[in-house]
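Notes for the one structure printed next.
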Amino acid sequence: MKNGVPGVSGYQGPAGGWGAVKAVTASVFSQKAVARDIIAMFKMNQVKGFDCPGCAWPDPGHRAPMELCENGVKAVSWETTSKKASPEFFSRHPISTLWHYSDYELENIGRLTHPMKYDAASDTWQAVDWDIAFREIGVRLRSYDSAEQVEFYTSGRTSNEAAFLYQLFAREYGSSNFPDCSNMCHGPTSAGLTPAIGLGKGTVELDDFDHCDLVICIGHNPGTNHPRMLTTLRDVAKRGAKIISINPLNERGLERFSFPQSAKEMFTGQATELSNDYYQVKMGGDASLLKGIMKALIEMDEARILLDQQPTLDHAFIDQHTAGYAALYDDLRQHNWAELEQDSGLTRSQMEDLAHSYSKSSATIVCYGLGITQHKNGTENVQQLVNLLLLKGNMGKPGAGICPLRGHSNVQGDRSVGINEAASEDFLQRLEKHFSIRVPRKHGRSSVESIRAIERGDAKALICMGGNLAVAMPQPQRTFAAMKNLDLQVHVATKLNRSHLLLAKHNYLLPALGRTERDMQATGIQSVTVEDSMSMVHASCGALKPASRWLKSEPAIVAGMARATLPRSPINWEAFTGDYALIRDAIEAVIPAFHDYNARIAEPGGFRMDTPASRREWQTANGKANFIVSNQRAVEREHQPADALVLATLRSHDQYNTTIYGMNDRYRGITGRRDVVFLSAEEATSRGLSQGDVVNVQALDDNGQPCADRIMYGLTVVIYNMAAGSIGAYLPEANVLLSLDAVDTQSLTPAYKSVPVTLTKA
């Protein structure tokens, strides 16, 4: 390796450990609110505290005094900061100046303090009274020819209560357009699991990790994206169960972990080895790998039966509980090993070893993230994971099942309470009956469809309940231009981001309370509820003084817009604003799964949503769990030139989705920069590249032709332990290489993890 590349060095330590302690300390002090942060840390993820605004990993039954992780503290300190984006600041900084700020610099300005309206004459955001903002927004929304011209975006940090009111407002208004952040991450989970097992979410609960023999981690990076999972994996490893990791890059959070809250591990330098085996699949090669494992299992099963030995597969389960096995069998038999090896990047022997390890386990959990879902075949990838589990009956029994790892803390809850562009007729009828309103039946638009509609001019207005939609979407060269053509944009936010600078004709920026802050309404301090990755619903109650006395809660903001837009609405929006228990009563009336809602969230830890597949009840059309054949690959490599690589966009360790907390990526050895590409030594050597060389990266279309407008210039090569045929770069910067038209064929989730590209020296 070439030495002396600025900002590039190796990292030898474990995940967690003293590096995490140092990073947490730096984060807290950088936001100049040490006292608020310390108070918050003792309240975070506690029974009577607030839910971490970061990931959706569930809380254990027996909680530590500080139930947190490094990136959770970053998320909290980012919110509790003493820094302010005040009207005075905006008066001195026109949009033309702010545009040149980096994404990190924009959010680091601090908390929004006042409702704002854009003034074109001065090119600045200016303070506006709440009532005036609501009234003007209502006037604009009533001016459109059709309610279908309005998009209602939802961030995964939105509470159940706010999300329910939000979809109620949109539907009474007449729109079913619900782009949301789940469309960009786990859309294939819902689309894939529903026909397979009759449930669009995972089947495991946290206790299952105490009873499993094997955990397969595929397509995710827990050290950065869901760090509290590391404690669970540590417990799995310490009791002797096996962990197998499948990922293109070697990620430190899948290798070893030092628990920062263990004095023994911290002061002795000990760390727990996590993965027993680590397999580097090519970017986009997951479907072929999974087919290879299943093919090996079936061949192993047939051999054992011929020898009159115990079968490898659970034939009794397959016969009683499943349909479609014969079709899967035929598909696997016709695939040859050379094809599977070429596409996956793993040898037949490696796939057989994986199958052998799986065959020995009597209870297996498969955990997966965006490395599985963010491909053109994302839905089919999810279904192949289900196939693998069904072959051995690893569904609906203790210590086994499928575990999708959600991102934001309530992205799953938002869907559960109605943020769905294709809601069921039963839900819509119950909504109409309870509120005495009429709502549209036509399916609305998801995120990619919304951006395309804005681009075409079919959408005139966009309301964003949090998030940074424009930056999160692929191909900003199209997305940014489209959003500037809107008539109205309304952003509910805690901090400034780049989406707020893409100005429509009419623009409003409405500051909301954060998860950590006290929400005082007419009936007293309010709690909201969230749903984690394992379907647990629990209360969250902020404790800190709000960053500004002009902030409103998300439910109050939604109600304010609804009252102003729908003056003849029969809904008592004011009552909902004053008492969130009434919102939960309404949710219960409309969605039977939330029965006894208020009573059940009063219990410590809340309650689990019903998951029929966890008890082998399959709410599918045929009443069975279904094997589903995969017919698609992420990238048709034979259509690409020989020197093409497949790129995945990655998050750094100082980053959560589009929010960048700092410029370091500690576990990958990157400091103070983001302008890098990760490449294996094999691929670098074959191209005459060394660490530190500067390259340009150009995207290719499906036919292998260069795309002139999808190119990144001047990226520094970092040699990294990763699969051949693959390359990685940070999002959102690398989103310029993506295509708004390259999406999962069933869920329309963008293909962030499988973009064919070529490299040239700069």
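The values are calculated or read from the model by the stated rules, or taken from the named source; none is laboratory data. None of the values given here were measured: they were computed from a predicted structure. Backbone-built Cβ (ideal geometry, glycine too); neighbour counts: all protein chains shown.
Miscellaneous remarks
- None of R445, R456, R452 is surrounded by fewer than 21 Cβ atoms within 10 Å (Cβ to Cβ) and either in contact (Cβ under 8 Å) with a residue 40 or more places away in the chain or not assigned by TED's automatic domain parsing to the domain that holds H100 (or both) except R452.
- Cβ-Cβ under 9 Å pairs, at least 6 apart or on other chains, segment 665-681 side not assigned by TED's automatic domain parsing to the domain that holds M712, far side modelled with pLDDT under 95: none
Every residue, every condition in (1) surrounded by 21 or more Cβ atoms within 10 Å (Cβ to Cβ); (2) in a helix (DSSP H, G or I); (3) not hydroxyl-bearing (S, T, Y), yes or no:
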| site | (1), (2), (3) |
| --- | --- |
| F89 | no, yes, yes |
| H100 | no, no, yes |
| K117 | no, no, yes |
| W125 | yes, no, yes |
| E148 | no, yes, yes |
| N177 | yes, no, yes |
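- Among the residues making up segment 485-507, those that are within 18 Å of F134 (Cβ to Cβ), out of contact with any Lys or Arg (no Cβ under 8 Å at 6 or more places or on another chain) and among the aliphatic types (A, V, I, L, M) are V490, V492, A493.
- Scanning segment 180-200 for residues that are in contact with a strand residue (DSSP E or B) (Cβ under 8 Å, 6 or more places away or on another chain), crowded, with 24+ Cβ neighbours inside 10 Å and at pLDDT 95 or above yields T189, L193, A196, I197.
- Residue ID - surrounded by the most Cβ atoms within 10 Å (Cβ to Cβ), chosen from residues in segment 622-663 that are part of a loop (DSSP other than H, G, I, E, B) and without any contact (Cβ under 8 Å) to a residue 24 or more places away in the chain: G623
- Any hit, segment 379-388, residues being part of a helix (DSSP H, G or I), within 18 Å of S245 (Cβ to Cβ) and free of Cβ contacts under 8 Å to residues at least 40 places away in the same chain: no
- Conditions (1) surrounded by fewer than 18 Cβ atoms within 10 Å (Cβ to Cβ); (2) within 24 Å of G407 (Cα to Cα); number of the one not met by A493: (1)
- Only listed residue being buried (at least 23 other Cβ atoms within 10 Å of the Cβ), at pLDDT 95 or above and over 21 Å from V646 (Cβ atoms), chosen from N377, N381, N387: N387
- Out of M534, M520, one residue alone is crowded, with 24+ Cβ neighbours inside 10 Å and not hydroxyl-bearing (S, T, Y). It is M534.
- Out of L332, L328, L340, L354, sole residue that is part of a helix (DSSP H, G or I) and touching a strand residue (DSSP E or B) at 6+ places or on another chain (Cβ under 8 Å): L354
- Pairs, first on the phi > 0 side of the Ramachandran plot in segment 152-170, second part of a helix (DSSP H, G or I) and at pLDDT below 95, C-beta under 6 Å, six or more apart: none
- Tally of residues being over 23 Å from the mean Cα position of the chain (by Cα), assigned to a helix (DSSP H, G or I) and surrounded by 20 or more Cβ atoms within 10 Å (Cβ to Cβ) across segment 398-432: 1
- Selected residue [in the same structural domain as P750 (by TED's automatic domain parsing) and in contact with a Phe, Trp or Tyr (Cβ under 7 Å, 6 or more places away or on another chain)] from I719, I711, I727: I727
- Residue within segment 425-438 that is within 30 Å of D741 (Cβ to Cβ) and out of contact with any helix residue (DSSP H, G or I) (no Cβ under 6 Å at 6 or more places or on another chain) present: no
Per-residue answers, yes or no, for (1) in contact with a His (Cβ under 9 Å, 6 or more places away or on another chain); (2) under 29 Å from W57 (Cβ atoms):
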| position | (1), (2) |
| --- | --- |
| D319 | no, no |
| Y329 | no, no |
| Q342 | no, no |
| G371 | yes, yes |
| N381 | yes, yes |
| N387 | no, yes |
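- Per-region count, segment 491-538, residues within 21 Å of the chain's Cα centre (by Cα), touching a residue at least 60 places away in the same chain (Cβ under 8 Å) and in a strand (DSSP E or B): 10
- Among the residues listed as A482, A470, A575, the single one being part of a helix (DSSP H, G or I), without any contact (Cβ under 8 Å) to a residue 12 or more places away in the chain and not charged (D, E, K, R): A575
- From the list G72, G138, the one residue that fits, being within 20 Å of the chain's Cα centre (by Cα) and in a helix (DSSP H, G or I), is G72.
- Filter result (at pLDDT 95 or above, more than 18 Å from G219 (Cα to Cα) and of a type in the set (A, V, I, L, M)) within segment 749-762: V757, L759
- Residues in segment 350-397 that are over 30 Å from P750 (Cα atoms) and under 26 Å from the mean Cα position of the chain (by Cα): 1 in all.
- Answer from K392, K376 - the residue that is in contact with an Asp or Glu (Cβ under 7 Å, 6 or more places away or on another chain), under 25 Å from N622 (Cα atoms) and of a type outside the set (S, T, N, Q): K392
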